[in-house]
Amino acid sequence: ATSLQNFISQLRKTLGADVLVTKPPGYALAIRLEQVDLTRFRHLVATARAAAEAAQRASLMREALDLWRGAPLADFEFEPFAQPEIARLKEERLAAIEERIDADLEAGRHAEIVGEVEALVDRHPTRERLRAHLMLALYRSGRQTEALDVYQDARRTLVDQLGIEPGRDL
């Protein structure tokens, strides 16, 4: 009990006495929603989606994505109760990445993002939107043959792994 009280005292010094409060049967964090990274992330993503200029959308999406530090709920990675939320948070982050790439492409940063998108395609080989981003970035960088190779690889992957043809957008 004494060790716990010492740790709580140190934590209060770090966070502030008003943040870590005693609340029977233990302690609670008293924080505002805007202090939570996920809330800030969602707010920035919504603001980015409303922005008219592509460069501003990309910048806001980058700011939102910079709030991510590692895997979501990493301490609960193997807990069954956390799996749906982990999957949802990963999808939310990946969708924001895709939207940021859309904005970067619209802003003319196609050559700059090719490497990043290639790495994302390697991690998510069946994600058609990422393949489309890569094809467009390559095409706009004057690398049409490589863009066609990406399409062929996408088609092969989708047919082999999922038994489906690529969608019209791809």
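Overview of values
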quantity	calculated
One residue from R69, R57, R32 being within 18 Å of the chain's Cα centre (by Cα) and surrounded by fewer than 10 Cβ atoms within 10 Å (Cβ to Cβ)	R69
In segment 120-170, the residues that are small (G, A, S) and in a helix (DSSP H, G or I)	A132, A137, A147, A154
Residue among A132, A119, A137, A95 that alone is in contact with a helix residue (DSSP H, G or I) (Cβ under 9 Å, 6 or more places away or on another chain), within 26 Å of L44 (Cβ to Cβ), of a type in the set (A, V, I, L, M) and free of Cβ contacts under 8 Å to residues at least 12 places away in the same chain	A95
Unmet requirement for I164, which otherwise passes all of (1) open to solvent by 90 Å² or more (accessible area, probe 1.4 Å); (2) without any contact (Cβ under 8 Å) to a residue 12 or more places away in the chain	(1)
Long-range neighbours under 8 Å by Cβ, at least six apart or interchain, first residue over 21 Å from H43 (Cβ atoms) within segment 63-87, second of a type in the set (G, A, S) and part of a loop (DSSP other than H, G, I, E, B)	E77/A71; I86/A71
Residue list for segment 137-161, restricted to those being open to solvent by less than 60 Å² (accessible area, probe 1.4 Å) and within 20 Å of I101 (Cα to Cα)	A137, L138, S141, G142, A147, V150, A154
Residue under evaluation A132, criteria (1) surrounded by fewer than 17 Cβ atoms within 10 Å (Cβ to Cβ); (2) under 25 Å from Q161 (Cα atoms); (3) touching an Asp or Glu at 6+ places or on another chain (Cβ under 7 Å), criterion not met	(1)
Some residue of segment 93-107 being open to solvent by 80 Å² or more (accessible area, probe 1.4 Å) and over 18 Å from the mean Cα position of the chain (by Cα)	yes
Conditions (1) surrounded by 13 or more Cβ atoms within 10 Å (Cβ to Cβ); (2) outside any helix (DSSP H, G or I): number failed by A17	(1)
Verdict on T39 being among the polar types (S, T, N, Q), in a helix (DSSP H, G or I), open to solvent by less than 70 Å² (accessible area, probe 1.4 Å) and closer than 24 Å to L73 by Cα	yes
From the options E77, E118, E63, residue that is under 24 Å from A50 (Cβ atoms) and open to solvent by 50 Å² or more (accessible area, probe 1.4 Å)	E63
Failed criterion for L89 (all others in (1) open to solvent by less than 50 Å² (accessible area, probe 1.4 Å); (2) farther than 26 Å from T39 by Cβ; (3) of a type in the set (A, V, I, L, M); (4) not in a loop (DSSP other than H, G, I, E, B) hold)	(2)
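The values are calculated or read from the model by the stated rules, or taken from the named source; none is laboratory data. If you're wondering where the values come from, they're calculated on a predicted model, not measured in any experiment. Ideal geometry is used to build each Cβ from the backbone, glycine not excepted, and the neighbour counts take in all protein chains shown. Keep in mind that these areas ignore ligands, DNA and RNA; they rest on the heavy atoms of the full protein, side chains included. Shrake-Rupley method; radii C 1.70, N 1.55, O 1.52, S 1.80 Å.
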